[in-house]
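Trainee: What follows is a structure written as structure tokens; I'll ask about it next.
The values are calculated or read from the model by the stated rules, or taken from the named source; none is laboratory data. Every value quoted in this text rests on a predicted model; they were computed, and no experiment measured them. Using ideal geometry, Cβ is built from the backbone for each residue, glycine included, and neighbour counts are taken over all protein chains shown. Areas reflect the complete protein model, heavy atoms only, side chains present, ligands, DNA and RNA absent. Shrake-Rupley method; radii C 1.70, N 1.55, O 1.52, S 1.80 Å.
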Amino acid sequence: MTVPVRSARGRAAAYRSVWQWPLRSPLRLAVTVLVLGILVFGLVSLGGRFGGGSDGGPITGGDGRQGWDDGSSGVSATPTPTMLPPVAELTPEALPPEQASPQALEVARVWASAWVNHPEGTTAEQWLAGLRPYTTDEFLGVLAGVDPANIPASRVTGAATPVRAAPRSVEVEVPTDTLRLTILVVDTDAGWKVSRYDRV
């Protein structure tokens with residue numbers, strides 16, 4: 001007995017009829033979508049059940065080496081929130097100007113006196129030597145490029161007055177015969193030193 005073999009054209013027509021079946025009515029399309037949704041949901045549920053209840057994650061053993069947690073170790077990869085210890089109330093950094101360190105004011109006054117001290121013929125090295133004991137090393141490098149002959153002031157004409165103060169820095173104004181200097185004095189390991197100045 002000979003079994004008839006379907007031609008390629010017949011098989012193609014059969015496939016088309018299978019795929020066209022859901023499109024022939026809205027009811028068939030809805031049923032097809034529902035069946036496919038149930039199949040996908042079932043496959044996802046089975047995969048989750050066989051794959052373990054945890055996504056897994058890196059864990060660190062007692063010897064400090066890191067491994068991968070497959071969910072069976074009972075170690076949670078998500079850190080649990082903890083209570084922070086109470087934080088002490090912060091104290092403000094700014095101080096009233098009148099509470100400025102007297103040593104800082106004295107350093108600003110002496111530094112300003114050395115800054116205006118440049119009689120004719122004073123070299124840059126001599127001028128810097130007068131500023132060195134009261135100046136930070138970093139700022140001395142900046143002052144090395146100053147020509148003392150270009151400094152217009154020649155004497156200090158008033159007291160050093162604090163403008164702003166903090167526990168470890170003070171901004172001080174010192175008047176001279178031609179301008180006012182605003183000097184920043186900071187508390188360093190070597191004591192109070194000038195780290196910046198501006199002309200006002």
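Trainee: At each listed q (0.17 Å⁻¹), what is the log10 of I(q)/I(0) that the Debye formula gives for the stretch 106-198 modelled as equal alpha-carbon point scatterers?
Mentor: Per q value, in the given order, log10 I(q)/I(0) is -0.68.
Trainee: Would you mind counting up the charge near LEU128? Only other residues with Cβ under 15 Å from its Cβ, with Lys and Arg at +1 and Asp and Glu at -1. Display every interim value, and only then the final one.
Mentor: Details: positive: ARG132, LYS193; negative: GLU125, ASP137, GLU138, ASP147.
Once positives and negatives cancel, what remains is -2.
Trainee: I would also like to ask the following. Order VAL156, VAL194 by their accessible area, 1.4 angstrom probe, all chains in place, largest first. Present the calculation step by step, with values, prior to reporting the outcome.
Mentor: Values: VAL156 45, VAL194 0 Å².
From most exposed to least exposed: VAL156, VAL194.
Trainee: Compute the distance from the alpha-carbon center of the stretch 102-118 to that of the stretch 136-181, in whole Å.
Mentor: Going from one Cα centre to the other spans 7 Å.
Trainee: Here is a follow-up. Mind checking the stretch 120-200 for GluC sites (Glu not before Pro) that DSSP puts in a loop (not H, G, I, E or B) and that have at most 12 other Cβ atoms within 10 Å? Show your work: numbers first, answer last.
Mentor: Working: sites: GLU120, GLU125, GLU138, GLU171, GLU173; in loops: GLU120.
Answer by residue number: GLU120.
Trainee: Take GLU138, project a point 7 Å from its Cα along the Cβ direction, then tell me which residues of the stretch 105-122 have their backbone nitrogen under 15 Å from it.
Mentor: Label zone hits: none.
Trainee: Now for a different question. In nanometres, what is the gap between the two model label sites at ARG28 and SER113, each 7 Å from Cα along Cα-to-Cβ?
Mentor: Calculated label separation equals 10.8 nm.
Trainee: If you don't mind, another one. Report the label-to-label distance for THR157 and LEU46 in nanometres (one decimal), using points 7 Å from each Cα along the Cα→Cβ vector.
Mentor: Taking the simple label geometry, THR157 and LEU46 are separated by 9.7 nm.
Trainee: At 0.36 nm per residue, and after removing the present C-alpha to C-alpha distance, how many nm does the segment from ARG164 to LEU39 gain when stretched out fully?
Mentor: Values: separation 125, 0.36 × 125 = 45.00 nm, distance 7.46 nm.
In short, 37.5 nm is gained.
Trainee: Hey, what do the phi angles of the stretch 126-143 turn into as Karplus ³J(HN,Hα) couplings, whole Hz, using 6.51/-1.76/1.60 and θ = phi - 60°, x for Gly and Pro?
Mentor: 5, 5, 5, 4, x, 8, 3, x, 10, 10, 5, 4, 5, 6, 4, x, 6, 5
Trainee: Tally Lys and Arg at +1 and Asp and Glu at -1 over the other residues with C-beta under 11 Å from the C-beta of ALA159: what net charge comes out? Provide the component values of the computation, followed by the final result.
Mentor: Numbers: positive: ARG109; negative: GLU106, GLU173.
Net charge around ALA159: -1.
Trainee: Ignoring ligands and nucleic acids, what accessible area does SER113 show with a 1.4 Å probe (Å², nearest 10)?
Mentor: Its heavy atoms expose roughly 50 Å² to the probe.
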